[in-house]
1. Report, ordered by chain and residue number, the aspartates and glutamates lying within cross-link reach of A:K176, taken as a straight Cα distance under 14 Å and ignoring same-chain residues fewer than 8 apart.
2. Which far-off residues, 5 or more places away or on another chain, put their amide H under 5 Å from the one on A:S40, with H placed in the peptide plane?
3. At a 1.4 Å probe radius, which order do A:E89, B:E67 fall into by accessible area, largest first?
4. Measuring label to label, 7 Å along Cα→Cβ, what does B:A138 give against each other copy in nm, shortest first?
5. Taking only the Cα atoms of region B:38-106, how large is their convex hull per residue, in Å³?
6. What are the nm distances, shortest first, from A:A179 to its equivalents in the other copies, labels at 7 Å along Cα→Cβ?
7. Which listed residue (A:L120, A:A138, A:H85) has the Cα farthest towards the positive end of the charge dipole for region A:59-171, taking +1 on Lys and Arg C-beta and -1 on Asp and Glu C-beta about the Cα centre?
8. What is the distance in Å between the Cα centres of region B:25-103 and region A:112-135?
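The values are calculated or read from the model by the stated rules, or taken from the named source; none is laboratory data. Owing to the predicted nature of the structure, the values given are computational and were not obtained by experimental measurement. Virtual Cβ from ideal backbone geometry, glycine too; neighbours counted across all protein chains shown. Accessible surface is based on the protein model in full, side chains and every heavy atom, while ligands, DNA and RNA are left aside. Shrake-Rupley method; radii C 1.70, N 1.55, O 1.52, S 1.80 Å.
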Protein chains: 2
Amino acid sequence: MIDRNPLPDGEGAEAIDERIRAQLTFIAEADKLKTVLRASPLAAADRRENDAEHSWHLALMVLLLAEYADEPVDVGHAMKLVIVHDLIEIYAGDSPVFDPDAVRDQVAREQAAADRLFTLLPADQAGWVRGLWDEFEAGATPEARFAKAMDRLEPMLLNWLNEGGTWGMPGATESKIRAREAGVVSASTRLGAVTDVLVAEGLRRGWIRPDPTDD
Amino acid sequence: MIDRNPLPDGEGAEAIDERIRAQLTFIAEADKLKTVLRASPLAAADRRENDAEHSWHLALMVLLLAEYADEPVDVGHAMKLVIVHDLIEIYAGDSPVFDPDAVRDQVAREQAAADRLFTLLPADQAGWVRGLWDEFEAGATPEARFAKAMDRLEPMLLNWLNEGGTWGMPGATESKIRAREAGVVSASTRLGAVTDVLVAEGLRRGWIRPDPTDD
């Protein structure tokens with residue numbers, strides 16, 4: 001796509017210098033995030049969600065739900081984290097959490113994708129944008145923890161609105177769903193309590209499978 | 001959709017109090033933004049863009065291009081503006097700028113949609129989220145001017161990458177396209193110069209129609 005229709009160059013195109021050309025090329029490449037499908041179904045239509053829609057929804061949730069973070073968060077900074085958090089999936093693809101094959105080499109794939117993607121930007125910008133992605137991944141700041149909590153909560157809401165959604169995937173059982181929920185609980189007591197209700201009620205309604213027993 | 005599968009209530013659901021129920025209901029309603037199609041074609045796939053994808057792309061552009069704003073901008077605040085700027089289209093629909101029928105009653109439709117949508121939120125939050133939308137619409141702050149510039153620049157880039165895109169719509173001629181471009185020029189001399197190149201080259205390649213002459 002980058003090479004399909006490059007930005008004008010040559011005479012008259014001096015306004016597009018090397019720096020701005022790199023930035024606009026990255027922005028054009030980022031359009032591909034709109035084609036990376038997640039496992040989650042939408043609530044509003046009968047199709048799967050893509051990464052760009054998902055990232056927008058997380059930014060909206062950060063804005064509206066930050067009051068429930070257990071630690072103070074800089075809302076603008078947390079929004080930056082969610083806007084960039086899935087970009088590397090343009091090259092690495094989505095890795096559905098309940099699919100063991102997808103998550104096996106996920107870290108290595110995503111690091112390689114980050115090396116390839118962010119270096120399209122001018123070096124100074126590549127550095128701090130990569131830094132935002134690293135911060136999200138590490139989850140070591142209040143903003144990253146809250147951003148990750150939204151990344152867990154949003155598909156839980158979509159699953160609820162779809163009477164199960166990805167909770168019905170072969171690899172999904174109560175303990176795996178509760179392990180995802182832990183990412184909400186650890187950043188927000190209040191929102192964690194909400195996810196407890198959703199999981200308990202999901203089990204009661206048969207939308208979530210209990211773990212298999214040994215006997 | 002809101003009523004399709006409401007959040008649990010009754011015994012055991014006390015964690016979902018009235019405030020958080022209103023917020024999550026709004027967040028579920030917001031999923032519909034993913035189904036509001038714009039006129040613009042994607043660069044990465046052969047389909048039109050939706051409002052949620054578009055809003056995400058603007059947030060990324062704010063983050064990467066804020067250095068070119070003619071006035072200093074608070075990047076986090078400008079990102080908040082673009083995340084909420086199209087929400088009212090859930091009820092008001094998209095109004096393609098080159099379609100005279102669509103833009104005729106646009107302001108009245110969008111104000112009515114805002115009255116209906118933002119009041120789903122708790123009153124305090126409805127107030128300041130509506131305030132973000134009003135700020136974007138008014139374009140009277142540096143952040144709103146830059147956010148609007150991104151809202152003009154993004155479809156110009158998509159048009160460029162599609163060898164014309166909505167520039168080929170019946171109502172689109174050079175002067176109307178330059179009127180859109182003015183929103184970029186007024187917030188960023190540097191990015192305005194880039195759009196000048198795109199429009200000049202679009203004319204040269206026949207992707208933009210010159211204005212009709214009187215003779």
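1. Within the straight-line cut-off, A:K176 pairs with A:D99, A:D196, A:D211.
2. A:E49
3. B:E67, A:E89
4. Reported distances to equivalent positions: 4.0 nm.
5. So the per-residue hull volume is 122 Å³.
6. When each copy's label point is compared with this one, the spacings are 5.8 nm.
7. Checking the options against the dipole of region A:59-171, the answer is A:L120.
8. 24 Å
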